[in-house]
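The values are calculated or read from the model by the stated rules, or taken from the named source; none is laboratory data. Fair warning: this is a prediction, and the values are worked out from it, not measured in the lab. Cβ placement follows ideal geometry from the backbone for every residue including glycine, while neighbour counts extend to all protein chains displayed.
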Amino acid sequence: MRNNTFFRSIALLAAIALAVPVFAKPFSRTINLNQAAKVGKADLQAGEYRLLIDGNKATVQKGGKIVAETEGRWEDRSAKSSYDSLLISENGQVKEVRFSGQSRVFVLTE
């Protein structure tokens, strides 16, 4: 009897763990580029874009069309960001996206 309850509990926990990613909603934010920059392999001109992050995949849209795709990972920082910002390298590659009020950042892999 006790063994049966244990296995039922494990099965329930496994089902919940598998279902959680299904309910995860993609993160979406409007970003403004003040200068030309690269996201992944795509060159973007200055302007307003929509950034969508779903798991480890980042998609950049302009006017409803996908203009760049890349991958990345979420990382935690010790302090919350005061505003939305992009960390751009000397060669114009977007390296990191910081979000207002959050201590986690999205680090691009390309």
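Here are a few things to note about the model shown:
- Residue match in the range 41-55 (condition: in contact with a strand residue (DSSP E or B) (Cβ under 7 Å, 6 or more places away or on another chain), hydrophobic (A, V, I, L, M, F, W, C) and assigned to a loop (DSSP other than H, G, I, E, B)): yes
- Test: residue 109 is modelled with pLDDT of 95 or more and closer than 17 Å to residue 27 by Cβ: no
For (1) at pLDDT below 70; (2) of a type in the set (S, T, N, Q), each residue gets a yes or a no:
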residue: 8; (1), (2): yes, no
residue: 13; (1), (2): yes, no
residue: 23; (1), (2): yes, no
residue: 29; (1), (2): no, no
residue: 32; (1), (2): no, yes
residue: 45; (1), (2): no, yes
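- When 47, 64, 55 are checked against the criterion of being of a type outside the set (S, T, N, Q) and over 17 Å from residue 26 (Cβ atoms), a single residue qualifies: 47.
- Applying a threshold of 9 Å to beta carbon distances and a minimum spacing of six or more residues, or different chains, the list of pairs starting in the range 64-91 at a residue that is over 19 Å from residue 37 (Cα atoms) and free of Cβ contacts under 8 Å to residues at least 40 places away in the same chain and ending at one that is of a type in the set (Asp, Glu) and surrounded by 13 or more Cβ atoms within 10 Å (Cβ to Cβ) reads 75/96.
- One residue stands out among those in the range 92-108 that are touching a residue at least 60 places away in the same chain (Cβ under 8 Å) and closer than 19 Å to residue 47 by Cα: the one that is surrounded by the fewest Cβ atoms within 10 Å (Cβ to Cβ), which is 99.
- Flag for residue 91 being in a loop (DSSP other than H, G, I, E, B), modelled with pLDDT under 95 and more than 19 Å from the chain's Cα centre (by Cα): yes
- Among the conditions (1) surrounded by 10 or more Cβ atoms within 10 Å (Cβ to Cβ); (2) at pLDDT below 90; (3) among the small types (Gly, Ala, Ser), the only one that residue 58 does not satisfy is (2).
- Evaluation of residue 79 against (1) part of a strand (DSSP E or B); (2) over 17 Å from residue 25 (Cα atoms); (3) among the hydrophobic types (A, V, I, L, M, F, W, C) (one fails), failing number: (1)
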